[in-house]
Amino acid sequence: MNLGKVKLSQLRTLVVISTTQNFSEAALELNLSQSTISHSIAALESELGVVLISRGRHGATLTPAGEAICAKAQQMLQQLDDIGQLASQARGVEGGQVRVGAFRSLASNVLPGAIAKLHTLYPNIQVTITEMDELRDFQQALMEGKIDICATELMPDESFDSLTILHDPCIGLLPPNCPVHTSHLTWEHLYDYPLIASVHSSCTHQLMRALQRAVPPIDLAYRIRTDTTIVGMVNQGLGIGLMHRLSAQPIPKDVRMVQLPFQIFRTLGVSWPKDALLSPAVYAFLDVFKALQVEAYPTAG
């Protein structure tokens, strides 16, 4: 038994399963994939050397050992929250403003949850969001002091500090009534259909390198600026969309998401200048992101 390898995220997963009694519902509550939930519990049981959860047709129930350990885990998580509250009080976090620059995909799918969590702890902190598209625009806004932090791809410049939130895979979107019935596209599929992708460097550079490695190389039929336009064109049957999973949300009902014959990920997170004098409100918001349990999205649904 190696208690040093036990993670708080594993204990938090155990506590949530104790209330939901269902792995899939726990995954939804924690914003994780069901496979991540299963792996987390399996790793915790392996480290402790005991079975914590009984899995059956009627759901997931804690074993007697699981009940006892879960009670202790709840106490530990509560103490961790208390530590955070004490630290925040010591910093004098009572109000203030946080100015965030963000990709649309993060502003729509990740920031609302982070802001809601922030407001449960510090209801007087105000958050403003400015959406932009290119990393150079975020970098300039940070250096000019127009925003405090940015939620984008991680800044490659060493003059910035950063915190990783998630790894976002590139996926394919199939139009309605597409005769392709596999969840994994092949290179042949990409030759057979017009391809639609973004003009932004965050997606295009990696994607074009992958397509140019094909024999013969594959070209894009459309390069579009707006994510929602790409999804709309796919929905109208104009081709297969190639885009990052988070940018594709929300996916229309009749559009199907599939894996590509290559793997491309972008690392999304929060960045800020290393020499910036951040306010207590900004530090409080960064603490929320540190606690945010966001894992890589699965590459196909």
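One table, with the values for the structure above:
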read-out: Long-range HN-HN contacts of residue 149 with modeled amide H, under 5 Å; value: 99, 101
read-out: Loop-exposed GluC sites (Glu not before Pro) per DSSP, neighbour cap 14 Cβ within 10 angstrom, longest uninterrupted part of the chain; value: 159-301
read-out: Packing-based order for 204-214, 246-256, using average beta carbon neighbours within 10 Å, highest first; value: 246-256, 204-214
read-out: Helical segments meeting 20 Å axial Cα length and Kyte-Doolittle -1.0 threshold in the chain (DSSP H); value: 34-48, 64-91
read-out: Estimated dipole of the chain in Debye, rounded to 20 [Cβ of Lys and Arg +1, of Asp and Glu -1, Cα centre]; value: 420
read-out: Amide proton proximity set for residue 127, modelled H, under 5 Å, gap of 5+; value: 98
read-out: Furthest towards positive pole of dipole, 273, 138, 240, structure part the chain, Cβ charges; value: 240
read-out: Percent of beta bridges antiparallel (DSSP, the chain, rounded to nearest 5); value: 60
read-out: For segment 156-301, with +1 on Lys and Arg beta carbons and -1 on Asp and Glu, the positive-most of 207, 184, 282 along the dipole; value: 184
read-out: Length gained when the stretch residue 83-residue 265 is fully extended (0.36 nm per residue, less Cα-Cα span); value: 62.0 nm
read-out: Furthest towards positive pole of dipole, 64, 49, 31, structure part segment 3-90, Cβ charges; value: 49
read-out: Relative contact order, percent, segment 1-89 [alpha-carbon distance under 8 Å, six or more residues apart]; value: 31
read-out: Under-29-angstrom lysine pairs by C-alpha in the chain, whenever the two are 8 or more apart or on separate chains; value: 15
read-out: Equivalent-ellipsoid semi-axes of the chain, from the Cα gyration tensor, Å, largest first; value: 36, 29, 16
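Bear in mind that the values in this text are calculations on the coordinates, not laboratory data. Given the structure is predicted, the values throughout are model-derived calculations rather than measurements. Counting neighbours? That spans all protein chains shown, and the Cβs are built from the backbone with ideal geometry, glycine included.
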